[in-house]
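The values are calculated or read from the model by the stated rules, or taken from the named source; none is laboratory data. None of these values were measured; they are calculated from a predicted model. Heads up, the Cβs are rebuilt from the backbone with ideal geometry, glycines too, and the neighbour counts pull from every protein chain shown. Surface areas here come from the heavy atoms of the whole protein model, side chains and all, with no ligands, DNA or RNA. Shrake-Rupley method; radii C 1.70, N 1.55, O 1.52, S 1.80 Å.
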Amino acid sequence: MSNLENARCEACHADAPQVSDEELKELMREIPDWTPVTKDNVMMLQREFKFKNFKQALAFTNRVGDLAEEEKHHPELVTEWGKVTVTWWTHAINGLHKNDFIMAAKTDSVLDA
Ligand SMILES: C[C@H](O)[C@H](O)[C@H]1CNC2=NC(N)=NC(=O)C2=N1
C-alpha cells in the first residue's frame with residue numbers, strides 16, 4: 001500500500017505549487033500504473049481500468065466519484081463498455097499538484113476494496 005493512499009487532499013488554490021520534476025519522479029514510483037500525459041499544455045495523470053462489462057465499469061466510476069466528493073478533488077471519468085479512463089489534474093493550477101497523486105493512489109485502492 002502506498003503512503004499516498006492514506007493522505008488527504010488539501011484545498012487547492014491558484015497559487016498552489018505544481019509538482020517539480022524531481023517530485024514527479026518520486027511520486028510516480030508510488031503509482032506505477034499511471035501515465036503522465038499532456039493535453040492542451042496541461043500535465044495530467046491517466047490510467048485505463050478494464051472490466052468485464054458496462055455495469056462493472058459504471059459501478060467503478062461511481063465509487064471513484066464518491067472518493068472525489070469526499071476529497072473535493074474531481075477527475076475526468078470516461079466510462080465505456082468494459083473500460084473506464086480516469087484522468088487527474090488540478091484545474092486551479094492547470095497542472096499536477098500532490099493532490100492528483102493522492103487521488104490516483106486512492107483510485108487504485110478502489111480496485112482492491
Ligand atoms: C471549491 C472546490 O473544492 C474547488 O473548486 C475544487 C473542486 N474540485 C477540483 N478538482 C480538481 N481536479 N481540480 C481543482 O482545482 C478542483 N477544485
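For the chain, relative contact order (Cα pairs under 8 Å, six or more residues apart, normalised by length) works out to 37 percent. Could you go through the range 16-32 in sequence order and give the Karplus-derived ³J(HN,Hα) for each residue, using 6.51 cos²θ - 1.76 cosθ + 1.60 with θ = phi - 60°, rounded to whole Hz, and x for Gly and Pro? For the range 16-32, the Karplus-derived couplings read 5, x, 6, 5, 7, 4, 5, 4, 4, 4, 4, 5, 4, 5, 8, 10, x Hz, x marking Gly and Pro. Evaluated with a Cβ-only charge set (Lys, Arg +1; Asp, Glu -1), the range 35-76 carries a dipole of roughly 300 debye about its Cα centre, given to the nearest 20.
Would you mind getting the accessible area per residue of the range 22-113, heavy atoms of the protein chains only, 1.4 Å probe, in Å²?
It amounts to 55 Å² per residue over the range 22-113.
Distance between the modelled labels on ALA113 and ASP33, one decimal in nanometres: 1.5 nm (7 Å Cα→Cβ projection).
Across the options SER20, ALA105, THR90, the greatest Cα extent toward the positive end of the charge dipole of the chain (unit charges at beta carbon of Lys, Arg, Asp, Glu) belongs to ALA105.
With the charge dipole of the range 1-77 set up from +1 on Lys and Arg Cβ and -1 on Asp and Glu Cβ about the Cα centre, the Cα lying farthest toward the positive end among the listed residues PRO32, MET43, ALA11 is that of PRO32. Exposed loop sites are taken as trypsin sites (Lys or Arg not before Pro) in a DSSP loop (any state but H, G, I, E or B) with at most 16 other beta carbon atoms within 10 Å; the longest stretch of the chain without one runs 73-113.
Per-residue ellipticity at 222 nm for the chain, helices alone: DSSP H runs ≥ 4 residues times -39500 (n - 2.57), over residue total, nearest 500 deg cm²/dmol?
Dividing the helical sum by the residues of the chain leaves -11500 deg cm²/dmol.
Taking 28 Å as the straight-line reach from the Cα of LYS39, the lysines in range (excluding those fewer than 8 positions away in the same chain) are LYS25, LYS50, LYS72, LYS83, LYS98, LYS106.
Roughly speaking, to the nearest percent, how much of the chain's 1.4 Å accessible area is carbon and sulfur?
48 percent
Counted residue by residue at 0.36 nm each, then reduced by the alpha carbon distance between them, the extension gain from LYS50 to ASN62 reaches 2.8 nm.
Put simply, the convex hull of the Cα atoms in the chain casts, on average, a shadow of 6.7 nm².
Electrostatic bookkeeping for ASN53 treats Lys and Arg as +1 and Asp and Glu as -1; over the other residues with beta carbon under 13 Å from its beta carbon, the sum is +3.
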